[in-house]
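Asks: This is the structure I want to talk about, given as C-alpha cells.
Read-outs throughout are calculated quantities, based only on the coordinates presented, and are distinct from any laboratory measurement. Only a predicted model underlies this, so the values are computations on that prediction, with no experimental measurement involved. Every residue, glycine among them, receives a Cβ derived from its backbone with ideal geometry; neighbour counts consider all protein chains shown.
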C-alpha cells in the first residue's frame, strides 16, 4: 500500500521526496507500450505523472524503479490468505531475522487498514472475488528468494540492493541477491497494492527490475542542535525505508549539546547534554537505533566532528578545548580542540575506540570542517607550539597536523573515517 | 511519581493490585511513631489506609515496602537540576545498560508531566524554592550504589532485590546488592515523588528498607487464545515493573493457536497461528520482549504445554498428534501428542533445543496438565503400545511415560523445567 499517494495515483508526497528523478531511478523511465521518454530532464515530472495517468489502476512506486512493465490486468488480494514466504531455493529461510520481521512489517504496510482478526474462524468471512476483468489466478502470496546467504550482518557500501519482482498469475515472485535487495523489493511490492472503492485490495500484473542509481542514499539528523527523542529517530528510519534510503548519517554531537552518553567519559553528556538524564542517548538507545536501521537495510554512520564544533565537549572534558585569550589573559571562552596537547589525542583515541565498538558501520564521520583560527591565534601556548613545529603563522598547517595525527592513529580508525571536504584543503 | 493514586493518597488502583498485603510486603507494617500494627490480617487494609492518612504529604508506595519511616519534612525538587547518578563506590558505573536506561526511564516516571526542555538556556527559568516548612538542602539527585557487579546477565530466582533508600538533606541515597534491587529502589523513589497544587514536585524525608516477600512474583499472559500485539506485551511488562513483579510467564502457545515462529519448524506458525504473518512472534520479537523485560528486572518463562493443549501444533506438524477413532475408523479429530511414536520425542527434542536457545531463562514451563485420555483410548495403535509396555488400561502410566521420557532427554532440558502440578500425580 503506497504511503505517498491516494489510490487515484497522481500526487506524491513522500517524507523525503525531492524531485521525480530520485536517488534510486535512472533518468530515462521506460514503460514499454505506454510511454517513450524524451530523455529531457525538465520534462521528467510530466512523464512521471503521465505514466501514472496512462495506466489505469497502476500505482506509482517511489522512487521509480529502473524498469517497470505494468498491465491493466489486476488481481484482487485476500489479506487473510496472503503470506510472504521464503522460496524453496532461497539461501535464507525462516529464522532470518531481517526477513522474518520484514514479512510481518510489510504485511501491515501492504494491507493498510486491514483489521486485525481474532480467531481463525473468521477466515471464511472474506467475500469471494469474481469478475472477468481480473487475472485468473490471484496471488495468494509473495515468494521471496534470496540468492546469497547472510542475515546477521550489517548493510554496507557494497551491499547489493537489486531485485526483480513479478506479479502475474499465481504467487508473486521476488528475487534478490541479498536480503537488503529483498527489503527493497518488499517495499516496492507494498506500494503496488492499492484499495478500490469497495475496499478490496488489488495489485496489477507487473514486472519490475530494479537497482539503485546511487549506492549511498543518506539522510542526516542533527541531534545536537535539537535533541530528538528515540521514537522520532525510529520513525524517521521507517520513513527512510519507504523511500529506499540506506544511510542514516547521525550528526549526534556538535557545539550546542553532547547527547551521546559515553560509558568511558560519562561527564561528556552529564555536563554537555541539554539534560543529563532526559536529553541523552544511552548505548542501549544507540543499539536500538542501529538494530531498527539494520532491519530496514539502513546503515548508521555517526558523526563526531572535531577539532571545531566541539563547544559542548569542553564542558565535560576540562582541558580539551583551547582557551581563548583577550590580550594576555584568558577570555573565559574556548575554541577548537587544543592541538598542542598530547592529552587531546589520548582522549580522542580512547573515545573513538569506544565509538568504533558501539557503532558497527565501516565508517565514522570525523567532521573536520569550519575550524575557526581566531582562538588558536589568540593563545600564547599555541603560538609557541606553532613556532616549535615550524608552521609559521599558517594555521591551516596546525589544522592539518591535528587532522592527520588523529585519524592516522590506529585507534582513531585509520581507513574508516569520513571527513568534510573543507578539511581536505 | 506514583502511577496508582492521586496526590491526596488514599486510593490504590494498580494494574495488578490484589490486596493491600502484596506479594512483596510482610504482614506487619511498621511505621515507627505513627502506627503500631495489630498484626490482624483482616485489618491490614485499614492500617494501610490509615498510614496514608496519618502522614501528611506522605505518598503510598506500592507494594508496601518492608519498612518505611516517613517525616513531615518535605523537599521541593527541581527536575531540571535533578539527576540519577552512580555512587563513587558503586560496583557498576556508567555503561551499565540496565541502570543507564533505568535512570533515563525513571526520570520521566518520577517527574510525570515535566515538559521537555529544548535548550540549556531554559535552566534558569525554574522558580527558586523557599519557605521554612521545607528541608534545608533539597536533593538535587539520587546517588545509586550497587554493591555487586553484573549488568549484562538476566535476573533469576536467586537475584537479590533488596535495597535501602534514604531521602534526607543532600542527595538521596539508594543502596542495593544488585542492579535488580536498584531497579526496585528506583521504582519506590519514583512513587515517593508527588506534585502539589502549585505543580512543584516534592519528596518527603523518608527511609525505606525493603526486600521481596516472595522471590517469584509472576504474571501470566496467554497469547494463544488471544493474540496480543508486541506493544501490548511491552506495556504489560512496564506495568509489571511498577508493581515490582519479576516473572513474565509467557503462555505462548496452546490449543487455539501457535504464534511462536520457530525457525526450525516454520510450519508450526504458518499453519497453527491465527495468521502466519500478522499473528506471530518472530525470534526478533521474542528477543525484544526478553530485553525489555531484562531491563526491568523481569524474567521471561515461556510455556510450551504438552502432551495436551497442542491442537494448534498438529496443523503444522503432521503425525505429531494422536488420531482419534470412532469405532474402527479415524474420526478426523486429534488428541494429545502421540506418545507411542519415537518421532514425537525427536520433534520435541529438536524444538526444545531451539526454545532453550531463544529463551535464556533457567526455566521453561512444559505444562503437562489436563491430558484427556479418551482419544488415546480410542486409538488401536495406542492400545497395542499400552499392551507392549505393560501399562494395562492405566492411561496415567502412558502419560507418565511421555512426561518422563520427554523432559529427561537432555535436550529437553532436564532440570530446568516446570510442569503443572496435575502432571505430578
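Asks: Measuring from a point 7 Å out along Cα→Cβ, what nm distances, shortest first, does residue A:221 have to its partners in the other copies?
Replies: Shortest to longest, the spacings are 2.5 nm.
Asks: Taking every pair of alpha-carbon atoms in region B:218-418, give the share separated by more than 32 Å as a whole percent.
Replies: 18 percent
Asks: Need one number: convex hull volume per residue for region B:194-272, Cα atoms only, in Å³.
Replies: Roughly 157 Å³ of hull volume per residue.
Asks: Treating the point 7 Å from Cα along Cα-beta-carbon as the label, what are the nm separations from residue B:141 to the other copies, to one decimal?
Replies: Result for residue B:141, in nm, nearest copy first: 5.6.
Asks: Continuing with the same structure: I'd like to know how region A:311-379 sits against the 2.2 N^0.38 Å rule of thumb: what's its Cα Rg over that expected value?
Replies: 1.27
Asks: Moving on. If you project the alpha carbons of region B:243-286 onto their three principal axes, what span does each projection cover, largest first, in Å?
Replies: For region B:243-286, the Cα spread along each principal axis is 37, 22, 18 Å.
Asks: Over region A:300-359, what relative contact order in percent results from Cα pairs under 8 Å that are six or more residues apart?
Replies: 31 percent
Asks: Can you give me the relative contact order of region A:218-418 as a percent, contacts being Cα pairs under 8 Å and 6 or more apart?
Replies: Worked out over region A:218-418, it gives 19 percent.
Asks: Here's another thing I want to ask about it. List the extent of the Cα atoms of region A:281-352 along each of their three principal axes, largest first, rounded to whole Å.
Replies: 56, 20, 17
Asks: Considering only DSSP beta bridges whose two residues both sit in region A:234-339, what percent are antiparallel, to the nearest 5?
Replies: Taking every DSSP beta bridge within region A:234-339, about 40 percent pair in antiparallel fashion.
Asks: Now for a different question. Give the calculated FRET efficiency between residue A:69 and residue A:151 to the nearest 0.05, with a Förster radius of 35 Å applied to their Cβ-Cβ distance.
Replies: Given R0 = 35 Å and the Cβ-Cβ separation, E is 0.70.
Asks: Return the average number of partner chain Cβ atoms within 10 angstrom of each residue Cβ along peptide A:281-293.
Replies: Going residue by residue through A:281-293 and averaging, the value is 3.
Asks: Now a separate question. Output the antiparallel fraction of DSSP beta bridges having both residues in region A:218-418, as a percent to the nearest 5.
Replies: Roughly 20 percent of the DSSP beta bridges within region A:218-418 come out antiparallel.
Asks: How far apart are the residue B:239 label points across copies, placing each 7 Å from Cα toward Cβ, in nm, shortest first?
Replies: So the label point of residue B:239 gives 3.2 nm to the other copies.
Asks: So for B:326, A:405, fewest C-beta neighbours within 10 Å to most, what's the order?
Replies: Listed from fewest to most nearby Cβ atoms, that is B:326, A:405.
Asks: Based only on the alpha carbon positions, what is the Kirkwood hydrodynamic radius of region B:165-228, in angstrom?
Replies: Every distinct Cα pair counted, the radius reaches 14.6 Å.
Asks: Still on this structure, I have one more. For region A:285-310 and region B:346-366, what is the centre-to-centre distance using only Cα atoms, to the nearest Å?
Replies: Cα centroid to Cα centroid, the span is 35 Å.
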